[in-house]
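Colleague: First, the structure itself, so that you have it in front of you.
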Amino acid sequence: MSEPAAPFGDLTRDAIRHAFPSLSQKLDLRREFGAIQADLDTIEERLKFQVQEFDPGISGYVSYALDSNGKRIRPALVLLAARASGQITPAHLDLAIVVELIHLATLVHDDILDGASTRRGRPTAVAKWGAELSVLLGDCLFCHALKLSCQFPDQSMSRRIAEASNDVCSGEILQTQRRFDLKLSIPDYIKIISMKTGALFRVSTELSAALNNRRAEEVSALRNYGDYLGIAYQIYDDCLDLVGTEGATGKTVGTDLAKGKLTLPLLHVLAQAGEAERERLHEIILHGTEENRVELLAQVVERGGLKNAVRRIQSYLDQAVAALQVLPKSRYRDTLEALPRAVADHVAKLG
C-alpha cells in the first residue's frame with residue numbers, strides 16, 4: 001500500500017477524494033484570525049520564551065513540542081473573546097499561553113495513545129523519542145501550564161483552569177475505556193468530546209469574559225459559545241480521521257477505527273442497522289480485516305453516517321452563533337460569529 005498507516009485501501013481513498021474534494025483541503029481560519037494577528041504574533045513569541053523556563057537538559061524537547069505550527073485556535077478564542085467583551089489585558093495573554101500549553105500537552109499524550117507517527121507534517125514526539133520520554137514531556141507541559149495559572153490574582157481563575165484540565169483528562173480516560181464498546185451511545189460520545197475538546201474551548205472564552213468583569217449572562221454566553229464550537233470541531237476532526245487525508249489533517253489518519261474509537265458517523269450507522277446487520281458490523285469492528293474495514297467505511301458514507309455528522313456539526317455551530325446574541329455588537333463579535341460560519345462552509349462540502 002502507498003499509505004500503510006491508513007486502514008483503508010487505496011481504491012477506496014481515491015473514490016472518497018473524488019467524491020469529497022474538500023477532504024484534501026485544510027481548514028483555513030487565517031482570515032477570521034486577521035483581526036487579532038498582531039496579538040497572536042505576541043502569543044507566538046511568548047510561547048517560545050517558555051522554553052527558557054525549563055531545565056536546559058530538556059529544553060530541546062519542549063521547544064519541539066511548542067514549535068508545532070498549529071492553528072492556535074484556543075489562544076485565538078481567548079483574544080477574540082477578550083476584544084468582544086472589552087479589551088485584551090496582560091492577564092488575557094497569560095490565559096492564552098496557559099490554554100495552549102495544556103492543549104499541546106494533550107497532543108503529546110494523544111499521539112502516544114494513538115500510535116501516531118506524524119502531526120502537522122513532521123514526526124510526533126513519540127515517533128522521535130519513544131513513549132516513556134513523551135509521557136514525561138506531556139506531563140512537564142501540563143505542570144508548567146498549571147504553575148503559570150497560579151499567578152492569576154483571582155484564585156477562581158486557576159481553579160477553573162484546573163477543572164477544565166481535569167475534564168480533558170477524564171474525557172480521554174472515558175474514551176480509552178470505551179474503545180470497542182459496542183454499547184456506546186451517541187449521547188455518551190457527545191459527553192466525552194464535550195469533556196476532551198469542549199473543555200478548553202469553553203474555558204478560553206468564558207474566562208476571557210470573566211477577566212473583563214462582564215455580566216454573568218455574557219460570561220455564560222461565551223462559555224456556551226466555546227462549548228458548542230469545541231464539540232462541532234471535534235466531530236469534524238473525527239470525520240476527517242475516517243475519510244480524510246494527512247494533507248488535510250496534518251496528522252496520521254485512520255487511527256480511530258483501527259484503535260476501536262467509535263465516532264459519530266459510525267455510531268449513526270450502528271443505530272440505524274437492524275439486529276442481524278448490527279451483529280455483522282460488530283464483528284467487523286472487533287475482529288475485521290483491512291478489507292472488512294474498507295467495506296465498513298463504504299457503508300458509513302453510503303448509509304448517511306457522514307451526512308448525519310455534518311448536520312450535527314452545523315447544528316452546534318448555529319448554536320454557537322446564537323449564544324453570542326447577548327453580547328454588544330462589535331467588530332469582534334462579528335468575527336466570533338464568522339468563525340463557526342467559516343467552519344460550517346468548509347464542513348458543508350463533506351455532506
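The values are calculated or read from the model by the stated rules, or taken from the named source; none is laboratory data. Only a predicted model underlies this, so the values are computations on that prediction, with no experimental measurement involved. Note that each Cβ is placed from the backbone with ideal geometry, even for glycine, and that neighbours are counted across all protein chains shown. Protein only, heavy atoms only, side chains kept; ligands, DNA and RNA dropped before computing areas. Shrake-Rupley method; radii C 1.70, N 1.55, O 1.52, S 1.80 Å.
Colleague: Does E163 meet the test of being part of a helix (DSSP H, G or I), open to solvent by 50 Å² or more (accessible area, probe 1.4 Å) and of a type in the set (D, E)?
Modeller: On the way: part of a helix (DSSP H, G or I): yes; open to solvent by 50 Å² or more (accessible area, probe 1.4 Å): yes; of a type in the set (D, E): yes.
Yes, satisfied.
Colleague: Now for a different question. State all residues of region 253-278 that are over 16 Å from V243 (Cβ atoms), aliphatic (A, V, I, L, M) and assigned to a loop (DSSP other than H, G, I, E, B); if no residue qualifies, say none.
Modeller: Narrowing region 253-278 to residues over 16 Å from V243 (Cβ atoms): 259-260, 270-278.
Those left that are additionally aliphatic (A, V, I, L, M): 270-271, 273, 276.
Residue satisfying the conditions is A273 alone.
Colleague: Does L40 fit the bill of being without any contact (Cβ under 8 Å) to a residue 40 or more places away in the chain, closer than 19 Å to F201 by Cβ, open to solvent by 10 Å² or more (accessible area, probe 1.4 Å) and within 21 Å of the chain's Cα centre (by Cα)? If you could, list the steps in order and put the result at the bottom.
Modeller: Details: without any contact (Cβ under 8 Å) to a residue 40 or more places away in the chain: yes; closer than 19 Å to F201 by Cβ: yes; open to solvent by 10 Å² or more (accessible area, probe 1.4 Å): yes; within 21 Å of the chain's Cα centre (by Cα): yes.
For L40, the condition - without any contact (Cβ under 8 Å) to a residue 40 or more places away in the chain, closer than 19 Å to F201 by Cβ, open to solvent by 10 Å² or more (accessible area, probe 1.4 Å) and within 21 Å of the chain's Cα centre (by Cα) - is met.
Colleague: Then there is this: Go through region 279-306 and report how many residues are assigned to a helix (DSSP H, G or I) and open to solvent by less than 80 Å² (accessible area, probe 1.4 Å). I'd like the intermediate steps shown before the answer.
Modeller: Step one: of region 279-306, the residues assigned to a helix (DSSP H, G or I) are 279-287, 290-302, 305-306.
In the following step, the residues that additionally are open to solvent by less than 80 Å² (accessible area, probe 1.4 Å) were identified as 281-282, 284-286, 290, 292-301, 305-306.
Residues in region 279-306 being assigned to a helix (DSSP H, G or I) and open to solvent by less than 80 Å² (accessible area, probe 1.4 Å): 18 in total.
Colleague: Which residues, counting only those in region 322-336, are more than 23 Å from the chain's Cα centre (by Cα) and open to solvent by less than 20 Å² (accessible area, probe 1.4 Å)?
Modeller: L327
Colleague: Looking only at region 85-132, which residues are outside any helix (DSSP H, G or I), more than 18 Å from D67 (Cβ to Cβ) and not small (G, A, S)?
Modeller: Result: Q87, I88, T89.
Colleague: With F152, F180 as the choices, which residue is open to solvent by 30 Å² or more (accessible area, probe 1.4 Å), assigned to a loop (DSSP other than H, G, I, E, B) and at pLDDT below 95? Before the answer, list the steps.
Modeller: On the way: F152 fails: open to solvent by 30 Å² or more (accessible area, probe 1.4 Å).
Among F152, F180, only F180 is open to solvent by 30 Å² or more (accessible area, probe 1.4 Å), assigned to a loop (DSSP other than H, G, I, E, B) and at pLDDT below 95.
Colleague: Can L79 be described as within 21 Å of the chain's Cα centre (by Cα), at pLDDT 95 or above and buried (at least 18 other Cβ atoms within 10 Å of the Cβ)?
Modeller: Numbers: within 21 Å of the chain's Cα centre (by Cα): yes; at pLDDT 95 or above: yes; buried (at least 18 other Cβ atoms within 10 Å of the Cβ): yes.
Taking the combined requirement at face value, the residue satisfies it.
Colleague: Quickly run through region 130-159 and pick out the residues that are of a type in the set (F, W, Y) and in contact (Cβ under 8 Å) with a residue 60 or more places away in the chain.
Modeller: Filtering region 130-159 for residues of a type in the set (F, W, Y) gives 142, 152.
Hit for region 130-159 is F152, nothing else.
Colleague: Would you point out which residue out of A271, A276, A309 is modelled with pLDDT of 85 or more, open to solvent by 60 Å² or more (accessible area, probe 1.4 Å), touching a helix residue (DSSP H, G or I) at 6+ places or on another chain (Cβ under 8 Å) and of a type in the set (A, V, I, L, M, F, W, C)?
Modeller: On the way: A276 fails: touching a helix residue (DSSP H, G or I) at 6+ places or on another chain (Cβ under 8 Å); A309 fails: open to solvent by 60 Å² or more (accessible area, probe 1.4 Å).
Of the residues listed, the single one that is modelled with pLDDT of 85 or more, open to solvent by 60 Å² or more (accessible area, probe 1.4 Å), touching a helix residue (DSSP H, G or I) at 6+ places or on another chain (Cβ under 8 Å) and of a type in the set (A, V, I, L, M, F, W, C) is A271.
Colleague: Which residues, counting only those in region 50-73, are farther than 18 Å from P123 by Cα, outside any loop (DSSP other than H, G, I, E, B), touching a residue at least 24 places away in the same chain (Cβ under 8 Å) and open to solvent by 20 Å² or more (accessible area, probe 1.4 Å)?
Modeller: Within region 50-73, E53 is the sole residue that qualifies.
Colleague: If R214 meets every condition in (1) touching a Ser or Thr at 6+ places or on another chain (Cβ under 7 Å); (2) crowded, with 23+ Cβ neighbours inside 10 Å apart from one, which number is that one?
Modeller: Only one criterion in (1) touching a Ser or Thr at 6+ places or on another chain (Cβ under 7 Å); (2) crowded, with 23+ Cβ neighbours inside 10 Å is unmet by R214, namely (2).
Colleague: Quick check on region 97-109. Is at least one of its residues farther than 27 Å from D241 by Cβ and touching a residue at least 12 places away in the same chain (Cβ under 8 Å)?
Modeller: Step one: list which residues in region 97-109 are farther than 27 Å from D241 by Cβ, which gives 97-98.
Among the residues that remain, those that are also touching a residue at least 12 places away in the same chain (Cβ under 8 Å) are: 97-98.
Checked against the condition, which is being farther than 27 Å from D241 by Cβ and touching a residue at least 12 places away in the same chain (Cβ under 8 Å), region 97-109 yields at least one hit.
Colleague: Would you point out the residue of region 326-337, among those that are touching a residue at least 40 places away in the same chain (Cβ under 8 Å) and part of a helix (DSSP H, G or I), that is farthest from I36 (Cα to Cα)? Working first, answer last.
Modeller: First pass over region 326-337, keeping only residues touching a residue at least 40 places away in the same chain (Cβ under 8 Å): 326-327, 330-333, 335-336.
Applying the additional criterion that residues be part of a helix (DSSP H, G or I) yields 326, 331-333, 335-336.
Working: V326: 22, R331: 11, Y332: 9, R333: 13, T335: 10, L336: 11 Å.
Applying the filter and picking the extreme gives V326.
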